[in-house]
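Peer 1: Quick one: the structure is below, and I'll ask about it shortly.
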Amino acid sequence: MSVREPSAERAALLVERYGSPLYVYDAERVRAAYRDFAAAFPYAPVDFHYAIVCNKNRHLVRLLHSLGAGIHANTPGDAFAALSAGVPAHRIVYSGTNLDAADLDYILSRGIRLNLDSVDQLRDFAARSPGGAVGLRLLVDEPSRPNRIGVDPAELPEALAIARAAGVRLIGLHMYAGTNNRSLERFLACFERMVAASALLPDLEELDVGGGFGVPYRDGQEPLELPTLGREVARRMEALSTSRGRRIRLVVEPGRILVAEAGSLLVKVISVKERGGRRYIGVDTTVGNVVVESVYYPHHRVEALSPRSAPLELPTDVCGNTTHSRDFLARDCRLPPLAPGDLLALRDVGAYGYAMSSHFLNRPRPAEVVLEQGQDILTTRRETFADLLATQVDA
Ligand SMILES: Cc1ncc(COP(=O)(O)O)c(C=O)c1O
């Protein structure tokens with residue numbers, strides 16, 4: 001799917017209706033991404049759990065749930081967002097870390113299934129849920145690559161002993177290969193370590209391949225070879241199920257890959273400066289409103305939505321509306337001549353965009369709109385100054 005929504009004409013109408021800056025998500029693109037993703041794993045039983053951490057927009061959560069996705073929660077707040085959107089607890093899987101007593105109580109009291117991240121957390125779980133069933137997050141990296149996540153495979157015998165003593169069944173293993181990963185080899189190397197470690201679990205029911213499926217943010221970057229990855233994972237799952245004499249469930253927790261490319265942030269040009277062989281395009285948003293490369297990997301392509309001619313050779317930076325020294329939305333872009341009032345779209349902001357926006361710099365957050373079958377639906381209102389101070393209390 002190559003047509004980008006919103007188009008220039010639609011973007012102008014949306015900004016007229018809802019103001020700028022404005023997050024816009026193309027629902028049809030999310031649908032297509034989910035269908036392509038699900039089709040890439042030819043295995044049964046398989047369960048897809050959308051990682052709500054990357055975008056908790058309720059409309060998109062409901063859309064993905066209606067297509068068959070459950071939700072992956074990383075925090076109790078993630079679980080709350082999923083439950084509030086109407087996703088039932090049995091369709092949520094919690095694979096987080098360092099849950100305190102209140103976190104554990106929240107998750108367990110709602111009957112959400114868990115993958116625990118440490119032997120200590122297994123002890124906490126066993127004390128609360130004797131006779132229960134739980135999964136473990138597994139350290140899938142080699143020791144030369146420090147990684148804080150998961151139980152070391154060498155700790156599994158101890159984990160089994162703790163579980164047995166409490167009548168707890170260890171029914172699953174979970175891995176996470178890291179975010180925005182486009183390397184087939186890395187996913188498969190991690191997956192193979194998890195399959196090997198699973199031999200120690202007599203009660204094994206499922207393997208969770210986690211999330212981290214990357215997208216090509218920059219022109220010329222190769223996408224992840226998803227169909228090959230899915231086929232290779234399915235092949236290994238078939239072998240595992242055969243060796244166990246029962247079907248082992250595959251769980252997958254895609255986040256970014258389902259929604260990143262569906263999202264654009266529409267912004268308006270405020271002023272244009274040219275000096276020292278460089279052009280500075282000042283826009284009406286800031287790095288407080290959208291995550292940028294220096295914060296969380298993504299490089300967001302910037303597109304002019306009202307180009308008057310071909311891109312200029314002049315190196316161009318897109319700057320935010322604060323004087324914070326890092327308030328650059330993008331650097332070294334190739335953009336056409338621009339004037340105040342023109343619109344730009346920051347593309348691929350559907351994941352970790354609004355989700356990572358903050359009140360840093362005190363620019364209220366933009367509104368969010370979903371494009372659905374020719375309609376535009378306001379799903380999040382624009383914040384006001386009052387929202388910036390809403391949690392402060394007077395002594
Ligand atoms: C355990 C787990 N699963 C899935 C995800 C989603 O990752 P991504 O958006 O990179 O697919 C995360 C992200 O933090 C995670 O921690």
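Peer 1: What distance in nm separates the two pseudo spin-label positions at Ala133 and Ala102, each 7 Å out from Cα along the beta-carbon direction?
Peer 2: Inter-label distance under the simple model: 3.1 nm.
Peer 1: Grab the beta carbon distance between Arg62 and Ala339, set R0 = 41 Å, and tell me the FRET efficiency rounded to 0.05.
Peer 2: On the way: r = 40 Å, r/R0 = 0.97.
Step by step, r from the Cβ atoms, then E = 0.55.
Peer 1: A follow-up question, please. Could you work out the relative contact order of the stretch 177-267? I mean the mean sequence separation of Cα pairs under 8 Å and 6+ apart, divided by the number of residues, in percent. Could the numbers behind the result be given before it?
Peer 2: Values: 98 pairs, mean separation 34.3, N = 91.
Relative contact order of the stretch 177-267: 38 percent.
Peer 1: What number comes out for the charge environment of Ile92, summing +1 per Lys or Arg and -1 per Asp or Glu over other residues with Cβ under 9 Å away?
Peer 2: Computed value for this residue: +2.
Peer 1: Calculate one ³J(HN,Hα) per residue across the stretch 322-328 by plugging θ = phi - 60° into the Karplus curve 6.51 cos²θ - 1.76 cosθ + 1.60, and present them in order as whole Hz with x for glycine and proline.
Peer 2: 9, 9, 3, 5, 9, 7, 10
Peer 1: Given a 1.4 angstrom probe, what's the average accessible area per residue across the chain, in square angstrom?
Peer 2: On the way: 17260 Å² over 395 residues.
For the chain, the per-residue accessible area is 44 Å².
Peer 1: A further question follows. Work out how much length Arg231 to Gln373 would gain on full extension: take 0.36 nm times their residue separation and subtract the Cα-Cα distance, in nm to one decimal. Show your work: numbers first, answer last.
Peer 2: On the way: separation 142, 0.36 × 142 = 51.12 nm, distance 3.24 nm.
Result: 47.9 nm gained on full extension.
Peer 1: Ignoring ligands, DNA and RNA, what percent of the 1.4 Å accessible area of the stretch 40-254 is carbon and sulfur?
Peer 2: Carbon and sulfur: 53 percent of the exposed surface of the stretch 40-254.
Peer 1: Roughly how many Å² of Asp78 are accessible to a 1.4 Å probe, to the nearest 10?
Peer 2: Using a 1.4 Å probe on the heavy atoms, I get roughly 20 Å².
Peer 1: To continue, here is another question. From the phi angles alone, apply the Karplus equation (6.51, -1.76, 1.60; θ = phi - 60°) to the stretch 103-118 and give each ³J(HN,Hα) in whole Hz, x where the residue is Gly or Pro.
Peer 2: With coefficients 6.51, -1.76 and 1.60, one gets 4, 4, 4, 4, 5, 5, 5, 9, x, 8, 7, 10, 10, 8, 10, 7 Hz.
Peer 1: Just grab the label-to-label distance for Ala386 and Arg123, each label 7 Å out from Cα along the Cβ direction, in nm (one decimal).
Peer 2: Rounded to a tenth, the inter-label distance reads 4.9 nm.
Peer 1: Using Cα centres only, tell me the gap between the stretch 109-178 and the stretch 1-65 in whole Å.
Peer 2: 33
Peer 1: Right, next: Quick one: which residues, 5+ away or cross-chain, put their amide H under 5 Å from the amide H of Gly212? H built at 1.01 Å from N.
Peer 2: Those qualifying (amide H under 5 Å, at least 5 residues apart or on another chain) are Asn180, Gly255, Arg256.
Peer 1: Name the long-range amide H neighbours of Phe41: under 5 Å, sequence gap of 5 or more, or other chain; modelled H, no Pro or chain starts.
Peer 2: For Phe41, no residues qualify.
Peer 1: How would you order 218-224, 251-257, 16-22 from highest to lowest mean count of nearby Cβ atoms within 10 Å? Could you put the intermediate results ahead of the total?
Peer 2: Numbers: 218-224: 10.7, 251-257: 25.6, 16-22: 18.1.
Descending mean neighbour count gives 251-257, 16-22, 218-224.
Peer 1: What FRET efficiency would be calculated for the residue pair Arg308, Ala32, taking the C-beta separation as r and a Förster radius of 41 Å, to the nearest 0.05? Please report the intermediate quantities before stating the final value.
Peer 2: Working: r = 32 Å, r/R0 = 0.77.
The pair Arg308/Ala32 has a calculated efficiency of 0.80.
Peer 1: Arg236: accessible area at probe 1.4 Å, nearest 10 Å²?
Peer 2: 50
Peer 1: Amide H of Ile92 versus every other amide H placed in the peptide plane: which residues, excluding those fewer than 5 positions away on the same chain, fall under 5 Å?
Peer 2: Ile71, Arg113
Peer 1: Tell me, how many Å apart are the Cα centres for the stretch 343-395 and for the stretch 231-276?
Peer 2: 23
Peer 1: Based on the alpha carbon coordinates of the stretch 261-388, what radius of gyration and maximum Cα-Cα distance (Dmax) apply, in Å?
Peer 2: Considering the stretch 261-388 through its Cα atoms, Rg and Dmax are 14.6, 46 Å.
Peer 1: Something else about it: For the stretch 261-388, which whole-number percentage of the solvent-accessible area (1.4 Å probe, protein heavy atoms only) is attributable to carbon and sulfur atoms?
Peer 2: Details: 2970 of 5760 Å².
Of all accessible area on the stretch 261-388, carbon and sulfur atoms account for 52 percent.
Peer 1: With each label point set 7 Å from Cα along the Cα-Cβ vector, what nm distance links Asn147 and Arg326?
Peer 2: Distance between the two pseudo-spin positions: 2.6 nm.
Peer 1: I'd like the Kirkwood hydrodynamic radius of the chain, using the inverse of the mean 1/r over distinct C-alpha pairs, in Å. Intermediate values should be presented prior to the final figure.
Peer 2: Working: mean 1/r = 0.0444 Å⁻¹.
Hydrodynamic radius (Kirkwood, Cα only) of the chain equals 22.5 Å.
Peer 1: Output ³J(HN,Hα) for the stretch 372-385: one whole-Hz value per residue in order, computed from phi by the Karplus curve 6.51 cos²θ - 1.76 cosθ + 1.60 with θ = phi - 60°, and x for Gly and Pro.
Peer 2: Once θ is set to phi - 60°, the couplings for the stretch 372-385 become 9, 6, x, 9, 10, 10, 6, 10, 9, 6, 5, 6, 10, 4 Hz.
Peer 1: Another question, then. Nearest 0.05, what FRET efficiency do Asp394 and Ile270 give at R0 = 51 Å with Cβ-Cβ as r? Let's see the in-between values first.
Peer 2: On the way: r = 35 Å, r/R0 = 0.69.
For R0 = 51 Å, the calculated efficiency reads 0.90.
Peer 1: Please give the net charge around Ala101, taking every other residue with its beta carbon less than 11 angstrom from that of Ala101, where Lys and Arg add +1 and Asp and Glu add -1.
Peer 2: Values: positive: Arg128; negative: Asp100, Asp103, Asp105, Asp124.
Local charge sum for Ala101: -3.
Peer 1: Helix 27-39 against the longest principal axis of the chain: what's the angle in degrees, Cα atoms only, rounded to the nearest 10?
Peer 2: Tilt of helix 27-39: around 30 degrees.
Peer 1: Tally the DSSP beta bridges in the chain and give the antiparallel ones as a percent, rounded to 5.
Peer 2: Working: 26 of 62 bridges.
Of those bridges, close to 40 percent are antiparallel.
Peer 1: On to the next question. Tell me, what is the 1.4 Å probe accessible area of Met194, in Å² to the nearest 10?
Peer 2: Approximately 0 Å² of Met194 is accessible to the 1.4 Å probe.
The values are calculated or read from the model by the stated rules, or taken from the named source; none is laboratory data. Not measured: the values here are computed from a predicted model. Quick reminder, even Gly has a Cβ in these numbers, built from the backbone with ideal geometry, and neighbours come from all protein chains shown. Note: areas computed on protein heavy atoms with side chains; ligands, DNA, RNA excluded. Shrake-Rupley method; radii C 1.70, N 1.55, O 1.52, S 1.80 Å.
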